[in-house]
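To start, the structure under review is shown below, and the notes come after it.
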Amino acid sequence: MAKTYLQKQPFCKTSLAASYTLYESETSVAQYCDAHYGPDKLGIANFPAHMAHLCASAMLGKPKRSALDLGCAAGRASFELATCFDQVTGIDFSSRFIEIASRLKERGSIGYRLIEEGELISDHEVLLSDFGLEATAHRVTFCPGNAERLDIHCHCHDLVLVANLIDRLSKPGKFLSEIHKLLVVGGLLVISSPYNWLDHFTPRQQWLGGRFRVGTPITSLVGLKKKLAKHFDAVSEPQDVEFVIRKTARTFQHNISQVTIWRRVC
Ligand SMILES: C[S@@+](CC[C@H](N)C(=O)[O-])C[C@H]1O[C@@H](n2cnc3c(N)ncnc32)[C@H](O)[C@@H]1O
């Protein structure tokens, strides 16, 4: 087994607010529109659709009244969840993402512009009906919001999806220790993350894992289990799901998220 070494990293004081502006940028919005509604890339299936299907399978035989998609970005997983849940709420910190997801819901189409190479760009339009999602779109509500400052005491959702968000939070441990309050007892929490910890999103001392504690290497999965143990049981073994972000026509970011599914037990 490969040995794990401690990589020394200076603590970076970049403002969290400034780093969130990444997700307000034109480039980021276009890349996520493409990741959510564009063609599959590198032979890898659409990530948010795949996540929604995993959620639907895990929810078989359970009540599907309400689902929450935290960090919904351009909204694909929310629209997919609406095919089997009565109501879905998609929340994102970025007002640009909420705007684009809401526009898709209201008008049934969105346009976005991708970089091909250098100064060359291409225009794209997608329709909700291309994915058979238009008939249930009315069940989705998109709201701007901070997942770390939610009115968290509703105990009302049957499913909470947290896809590729925890390594973008300033205090993921605190977020996880409170998230049970959003779910009914018996409800499912589905988390995916590539555990790509970066100081400018999450101060190093708040990382769930990927670092040493008292000389022992701690993985993010171990940190995650510890934070959820009080209120959740693991439903299945962790699984890997890939996703791809297209940067240009010839440059792609290939990520592997670890998906874990949890049942609220108390
Ligand atoms: C890596 S993207 C993942 C998007 C989507 N869930 C997916 O898997 O394609 C992270 C998303 O979380 C949003 N986000 C970051 N911090 C947030 C916070 N504190 N509250 C709500 N959304 C947040 C970003 O705006 C961005 O849309």
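Below is a table of values for the structure above.
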quantity: Sites excluded, chymotrypsin sites (Phe, Trp or Tyr not before Pro) in DSSP loops with at most 10 other C-beta within 10 Å, longest stretch of the chain; calculated: 12-266
quantity: Average Cα contact separation per residue, segment 16-264, under 8 Å, 6 or more apart, as relative contact order %; calculated: 20
quantity: Extension gain from Asp86 to Cys143, taking 0.36 nm per residue of separation minus the Cα-Cα distance; calculated: 18.8 nm
quantity: Potential extension, Ile245-Val185 segment - 0.36 nm per residue separation minus Cα distance; calculated: 18.1 nm
quantity: Order of Ile261, Ile121 - criterion: other Cβ atoms within 10 Å of each residue's Cβ, fewest first; calculated: Ile121, Ile261
quantity: Met51, Met59 arranged by Cβ crowding within 10 Å, fewest neighbours leading; calculated: Met59, Met51
quantity: Part-to-part distance (alpha-carbon centres) for segment 168-229 and segment 141-157, which is given in Å; calculated: 18
quantity: ³J(HN,Hα), Karplus 6.51/-1.76/1.60, whole Hz, each residue of segment 116-129, x for Gly, Pro; calculated: 8, 7, x, 8, 7, 10, 9, 9, 9, 10, 10, 10, 4, 5
quantity: 222 nm mean residue ellipticity, helices alone, for the chain (DSSP H n ≥ 4; -39,500 (n - 2.57); rounded to 500); calculated: -7000 deg cm²/dmol
quantity: Aspartates and glutamates whose Cα lies under 20 Å from that of Lys247, excluding same-chain neighbours fewer than 8 positions away; calculated: Glu24, Glu26, Asp34, Asp40, Glu116, Glu117, Glu119, Asp123, Glu125
quantity: 5 angstrom amide H check on Asn164, placed H, neighbours 5+ away; calculated: Ser192, Ser193
quantity: Those aspartates and glutamates that a straight Cα-Cα span of less than 15 Å connects to Lys171, excepting residues fewer than 8 apart in one chain; calculated: Glu148, Asp199
quantity: Kirkwood-based Rg to Rh ratio, the chain, C-alpha trace; calculated: 0.96
quantity: Links that overshoot a 31 Å alpha carbon limit, given the list Lys41/Lys181; Lys64/Lys105; Lys105/Lys227; Lys105/Lys181; Lys62/Lys227; calculated: Lys41/Lys181; Lys105/Lys227
quantity: Long-range tail of P(r) for segment 41-83 (Cα pairs > 16 Å, %); calculated: 37
quantity: Residue-by-residue Karplus 3J(HN,Hα) for segment 135-144, coefficients 6.51, -1.76, 1.60, Hz, glycine and proline x; calculated: 5, 10, 4, 5, 7, 9, 10, 9, 9, x
quantity: Where a label projected 7 Å from the Cα of Ser57 along Cα→Cβ would reach, residues of segment 28-45 with amide N under 14 Å; calculated: 45
quantity: Order of His254, His200, His36 under a 10 Å beta carbon neighbour criterion, fewest first; calculated: His254, His200, His36
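A short reminder: the numbers here are calculations on the coordinates, not readings from a lab. A quick note: this is a predicted structure, and the numbers were derived from the prediction, not measured. Quick reminder, even Gly has a Cβ in these numbers, built from the backbone with ideal geometry, and neighbours come from all protein chains shown.
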